[in-house]
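The values are calculated or read from the model by the stated rules, or taken from the named source; none is laboratory data. Predicted model only: the values in this text are computed from it and were never measured. Here Cβ is always computed from backbone atoms with ideal geometry, including for glycine, and neighbour counts include all displayed protein chains. Only protein heavy atoms, including side chains, enter the accessible area calculation; ligands, DNA and RNA are left aside. Shrake-Rupley method; radii C 1.70, N 1.55, O 1.52, S 1.80 Å.
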Amino acid sequence: MWLVIIQLKIGIILTFFSLLFAVASLAERKILARIQNRRGPNRVGPCGLFQPIADGIKMLIKEDVVPRKADRALHFLAPIVMVAPMVLLFGILPYGGGLTLVDLEVGLLFFFAVSSVSELAVFMAGWSSANKYSVFGAMRAIAQMVSYEVPLVLVAITPVMVAGSLSLVHMVEDQAGYAIGVIPNWFVLTPWGIVGFLLLFVTSLAEANRTPFDLPEGESELVAGHLTEYSGFKYALFFMGEYFGIFAGSGLAVALFLGGGGAPLPLLQWIPPYLWFFVKLVVLVGIVIWVRASLPRMRIDQLMDLCWKGLVPLAFVNLIAAAIWHYSGGGWQGWILAGGLLVGAYLMLNRVVLRSRCSWERKYYLAKS
Amino acid sequence: MNVVLFIIAALILVGALATVCVRNLVYCALSLAATFAALGMLYLALGAEFIGWVQILVYVGAVAVLIVFVILLTAPDRMRSVGPLFSRSRILGVGVSLGVFGTIAYAVHKSGSLKGSLSMPAETDMQSIGEELLSSYLVPLEATGVLLTVALIGAVLFAREEPVEGSEESQESKD
Amino acid sequence: MLDLETIIKRVQEAVPSCRIELVSNESHSGHHSLLVDDGHAVEVARFLRDAPDICLDYASNVTGIDWLNSTVKEKVPVTETVEGEEKVNEKTVEKTVPGYLEVVYHLYSMRLKQGPVILRMRTGNRDPDVHLPSLTPVYRSAELQEREVYDLFGIVFDGHPDMRRLLMWEEFEDHPMRKDYFPPEESDESPIDEQARPKQ
Amino acid sequence: MTSTEEVESISEKSERLLNISMGPQHPSTHGVFRMKAVLDGETVVKLTPVFGYLHRNHEKLAERTSYLGNMPYTDRLDYFCSLTNNWAYALSVERLAGIEVPERAEYLRVITAELTRLQNHLAFLGFLLNDMGVWATVLIYGFREREKILDLFESLTGARMMCNYMRFGGCRCDVPDGWVEEAKRITDELPGVLDELEQLLTDNEIVVARTQGVGTVPGRKAINAGLTGPVLRASGVNYDVRKVDSYGVYDRFDFSVPLGSVGDCYDRFMLRLLEMRQSLNILKAALNELPSGPIINPKAKNRNLRPPAGEAYGRIESPKGELGFYLVSDKSGTPYRYRVRPPSLVNLTLLEDMCVGQKVADVVVILGSIDIILGEVDR
């Protein structure tokens, strides 16, 4: 019986995320198209709704090209190593309402341990392709992922410190309830929470290689980075792995800062928590797509500057701010102290990072003759 | 339970052997990562959840990735070596590892901890690990922190081989 | 803007040993040009660029022209004695003018907003590799255009920092913009075939 | 231009250098352009441009074709700006043969050339931002406006891109009914679009970070290297052939030449935005003042044109820079020598200087900011 329930839960979760992958790949193209003032896919099925199916069939029957000089074994293994850990991550997300699969005591640790394996997959893909662009992309990807893991972990530690546990379920429970009867107790509604949430969002964009941090596969410089030599189903697997990474990252943000499955208003508590969880997750995924349509790509040195000179110090300050908030009792003193600290740190870091940049103001002359 | 342990042990052994013997540098690094992962599994199988995941996070996620990165940076051409799968000095490698293994085995055997049955470790949770770290192991923890900071600063100093001012000057003179 | 005669005078003052002459152009454009001997072309160009009142700091266009050997019919006055009377008759004589290659530089002044002053250099003949001095050390803008002239006309520019073909591939042998160039037969192998062929 | 010293230092470090070939099938080389780059990590150590993948010996073709027959070939040079190519060629032939152009035709030439400049710069903005990785968002907004201008071209000349519109001594056909009103409507709408683009792009933090201080060219060097057009003016050199030569009827319009101060990619990008405003000024005046009269000089001979022997060089300010045609006539029906002075090719002279010391990602942005078209580079 226990096994059946577990199987059922796994089935539901996997189905949901696979469906979400299909929908998101369509939605991404549709949203991108709408933002770009065009129509997007609209040929297959009503309004192009069956496009993912057509894409899937295409990917499956496409020829699998492996370059002659490629390392076949690693070239084959890389997409699997990419997808497998991402699927594992779905296991510990606290959907709430009985859908939570496992409540690991060290859930957060599990999350980072497993997701860090995908770096090896990127390396395997890049190196085995025997293509300079691929190696280059892999190098960028690893440098970027290793660097951004530092602020990511630092930010994720903040709610751990406040909730006093590494378990994601415990963290969601800590955010339950409402202040003054209406405002949810989500961490994002505290000064350190909002900073932490934004930091987490930015760093998980970088971890998932999404715009504006999509340097490893920046198509204008590196053709497609580590994916250059991938086609057909292997490419689809990579694609899926990346989407799953976005879902898992968004899920983590929901669990850590957006109150997991908690309803935003007490009135809406009759809706099951997992639905809330998924709604929040989908909203975050939508924002990720929106960002992709509107921001240019950063350069590698700027990316590293942002990480080591901006995000890491800010994450440390955020840690201190959370401690101050925690010990000041979380009232208006907390807002002033923690908020003031964070704003001051932000302004100072902004100046330090800005210092190395060129001036913003430019003068242009209009010559009459 | 024993079957799982044996599978993990086999994984560790094969991974470790491959790490030493295989000639292709990248394969070595990846087998090392596999060994680390299997080691992590061993901890998990023994009930040490925290240490198991930390092992995977630190060794697979950081150390192995760093090794791989260094390989990418330093030897882009030598990575793809042609020739036999196993290196010519495999006998030496086997000899060295046998020597090391023998020494450790002798030390363990002599320490006497293998005698008698193994007592299952006490149930550890995060709470107690945290409390221990911040109470009885506070000094070692702080010392480790200082050590890591020093290492970080050292690494930064090494990386800043060329002074930044100089490169800016040379860029200006180029114009 | 200084007229060409003044410029010639100034150039001859500055670079005394150089030969420079005016080549007139009868078309409606009235673009007359200066023919410089190749021994002093670089000095002349440098003078034209640096003299403050001439200041031709910008070489707009660099190109070659291929002049084939031509027969020119000239009317030569011949004094003939016909029936005791001396009569000056005009007689047509066919004369062969040897062909040559020519490089033309259109120089402008960006600072003074003047121009163009057209500079020409000529080779003595139409041999496969004829040499002319490169003006790239004076005008960087000639770098790619001189390479193009070398590629298409076969004029080797001495002193050019990077004298390679620009548009045709390295293995190409002829110079297609010469007037006597004819494309090889279609049966000839294209470079792609050559590359595809396994190497012996 | 690599000195031996540099070569030595390169070979010393060659252990960690990476040779990569960008192009000719690279997604952002704007055609079949190729760059052989030597990288030290992410930094460019050496960069050699390779030309000629689109070479079709346009000049040789032209020397075997009649003067008029060449006009459609000029469309294919810079296939984004066929009308300015037409004009430059027509201008050279008119100088060579001494042909006068009626006033209305001059106005039509100005109008079509400025529309061409607008649509070229709109597309340029899109491509540049694409090179920075904006996934075509700006490109498609640029193309939306460009389509309107191409519609105008279509109704005027019958073709959207290969217009083949100008003739020696005038233009091929007169404007259809309502065309001027339509053009006025489009030029009245454009400032709003430009405001929007400016708002979104010029202050965007990543755009600023990616373009400021990247690929800087000082003015003196730009002059010496023969850079022209917006690339030159971004370096602060006041040189616009429209003002200097005032060919056509440009001296009748009140417009100014925007000048940058630093000469980096940001200035080049901003200059295009500012130039579009000036083009709109010209267009507005030209459309309002469009005189009536013939559109082609009735005395001008187009077919079987045999200009007197001699040579002529005519140049105009095309959207990419100074486009010149050098013609030598030997009194026959085909030009004896026909040469295109391509702004795209000459503007690439400094490519290596701009790129060395920058990151790989900057190479793409620098190339994008020069705005080349391979049809013109390789001819």
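Here are some notes:
- When the Cα convex hull of chain D is projected onto planes of every orientation, the mean area is 18.6 nm².
- Going by accessible surface with a 1.4 Å probe and the largest first, B:Trp53, A:Trp270 read A:Trp270, B:Trp53.
- Within a straight-line Cα-Cα reach of under 26 Å, A:Lys9 can be paired with the following lysines, leaving aside sequence neighbours fewer than 8 residues apart in one chain: A:Lys280.
- Interface B:D - total buried accessible surface [probe 1.4 Å, Å², rounded to 100]: 400 Å²
- Among A:Val81, A:Val44, A:Val65 the positive-end extreme of the charge dipole of the stretch A:1-88 (Cβ point charges): A:Val44
- Rounded to the nearest 20, the size of the Cβ-charge dipole of the protein assembly as shown about its Cα centre is 1820 debye, with Lys and Arg at +1 and Asp and Glu at -1.
- Over the C-alpha trace of chain C, radius of gyration and Dmax come out as 21.9, 82 angstrom.
- Phi angles of the stretch D:158-165 translate, via the Karplus equation with coefficients 6.51, -1.76, 1.60 and θ = phi - 60°, into HN-Hα couplings of x, 9, 7, 10, 9, 6, 6, 9 Hz per residue; Gly and Pro are given as x.
- Rounded to the nearest 500, the helix-only mean residue ellipticity at 222 nm of the protein assembly as shown stands at -16500 deg cm²/dmol, with each DSSP H run of n ≥ 4 adding -39,500 (n - 2.57).
- Charged-residue dipole, Cβ positions (Lys, Arg, Asp, Glu), the stretch D:33-158 about Cα centre, Debye nearest 20: 380 debye
- Given charges at Cβ of Lys, Arg, Asp, Glu: the stretch C:23-120 dipole, positive-most of C:Gly99, C:Leu119, C:Leu56: C:Leu56
- Overall, the stretch A:1-61 carries a charge dipole of about 300 debye about its Cα centre when +1 sits on the Cβ of Lys and Arg and -1 on the Cβ of Asp and Glu, all other atoms neutral.
- Protein-only accessible surface order, largest first, of D:His30, C:His131, D:His121, B:His109 at 1.4 Å: B:His109, C:His131, D:His30, D:His121
- Of the GluC sites (Glu not before Pro) found in the stretch C:19-58, those in coil by DSSP whose Cβ has at most 11 other Cβ atoms within 10 Å are C:Glu26.
- At least 20 Å² accessible surface lost relative to isolated chain, residues of the stretch B:1-28 (1.4 Å probe): B:Val26, B:Tyr27
- For the stretch D:184-190, backbone phi angles converted through the Karplus equation (6.51, -1.76, 1.60; θ = phi - 60°) give residue-by-residue couplings of 4, 4, 5, 5, 6, 7, 4 Hz, Gly and Pro being listed as x.
- Calculated diffusion of the protein assembly as shown, Stokes-Einstein form, Kirkwood radius summed over Cα pairs, 37 °C and 0.692 mPa s, µm²/s: 96 µm²/s
- Shown is the FRET efficiency for D:Asp195 and D:Ala159, computed with R0 = 35 Å from the Cβ-Cβ distance and rounded to the nearest 0.05: 0.70.
- More than 19 Å apart - percent of Cα-Cα pairs taken over the stretch D:95-248: 65 percent
- Computed across the stretch A:1-120, the Kirkwood hydrodynamic radius from all distinct Cα-Cα pairs reaches 17.5 Å.
- Accessible area per residue (1.4 Å probe, heavy atoms of protein chains only) ranks A:Met145, A:Met298 as A:Met298, A:Met145, with the largest value leading.
- Between the listed residues D:Val377, D:Val32, D:Gly310, the Cα displaced farthest toward the positive end of the dipole of chain D, a dipole computed from Cβ unit charges relative to the Cα centre, is found at D:Gly310.
- Solvent-accessible area of A:Phe21, all protein chains in place: 40 Å² (probe radius 1.4 Å, heavy atoms, ligands and nucleic acids excluded).
- Of all aspartates and glutamates in the structure, those lying under 12 Å Cα to Cα from A:Lys69, and not within fewer than 8 positions of it along the same chain, are A:Glu229.
- Close amide H contacts of C:Val23 (hydrogens built in the peptide plane, cut-off under 5 Å, sequence separation of 5 or more or a different chain): C:Ser33, C:Leu34, C:Leu35.
- Sorted from longest to shortest, the spans of the Cα atoms of the stretch D:231-379 along the three principal axes equal 56, 40, 21 Å.
- The phi-based Karplus calculation (6.51 cos²θ - 1.76 cosθ + 1.60; θ = phi - 60°) puts the 3J(HN,Hα) values of the stretch A:35-49 at 5, 8, 6, 9, 9, x, x, 8, 9, 8, x, x, 6, x, 5 Hz, whole numbers, x for Gly and Pro.
- Charge context of B:Gly61, other residues only, Cβ under 10 angstrom, K/R +1, D/E -1: -2
- nm² value of the averaged projected area, convex hull over the Cα atoms of chain A: 24.4 nm²
- For the stretch B:2-104, the Cα-based Rg and Dmax, in that order, read 15.0, 44 Å.
- Rounded to 0.05, the FRET efficiency of the C:Glu90 and C:Asp174 pair, given R0 = 60 Å and the Cβ-Cβ distance, is 0.90.
- Here the contact order of the stretch B:2-104, divided by its residue count and restricted to Cα pairs under 8 Å and six or more residues apart, works out to 29 percent.
- Nearest-0.05 FRET efficiency for A:Ile61 and A:Trp308, computed from C-beta distance (R0 30 Å): 0.10
- Buried area at the D:C interface is about 4000 square angstrom, summed over both chains, from accessible surfaces computed with a 1.4 angstrom probe.
- The stretch A:169-240, Rg to Rh (Cα coordinates; Rh as Kirkwood inverse mean 1/r): 1.24
- Sequence-separation-based contact order of the stretch A:1-61, relative, with Cα cut under 8 Å and 6+ spacing, percent: 22 percent
- Backbone amide hydrogens, once placed in the peptide plane, bring D:Ala309 within less than 5 Å of D:Lys331, excluding anything fewer than 5 places away on its chain.
- Each label was represented as a point 7 Å from its Cα along the Cα-to-Cβ direction; for C:Thr79 and B:Ala62 these points are 10.9 nm apart.
- Counted without the sites themselves, the longest stretch of chain A free of GluC sites (Glu not before Pro) in a DSSP loop having at most 12 other beta carbon atoms within 10 Å is A:64-360.
- For chain C: relative contact order, % (alpha-carbon pairs under 8 angstrom, 6 or more apart): 18 percent
- Rolling a 1.4 Å probe over the protein heavy atoms of the protein assembly as shown, with every protein chain left in place, gives an accessible area that is 62 percent carbon and sulfur.
- Two-decimal ratio, the stretch A:181-285, of alpha-carbon radius of gyration to 2.2 N^0.38 Å: 1.32
- Computed Rg/Rh of the stretch A:1-61, alpha carbon atoms with Kirkwood Rh: 1.18
- Normalised per residue, the volume of the convex hull around the Cα set of the stretch D:270-331 (Å³): 115 Å³
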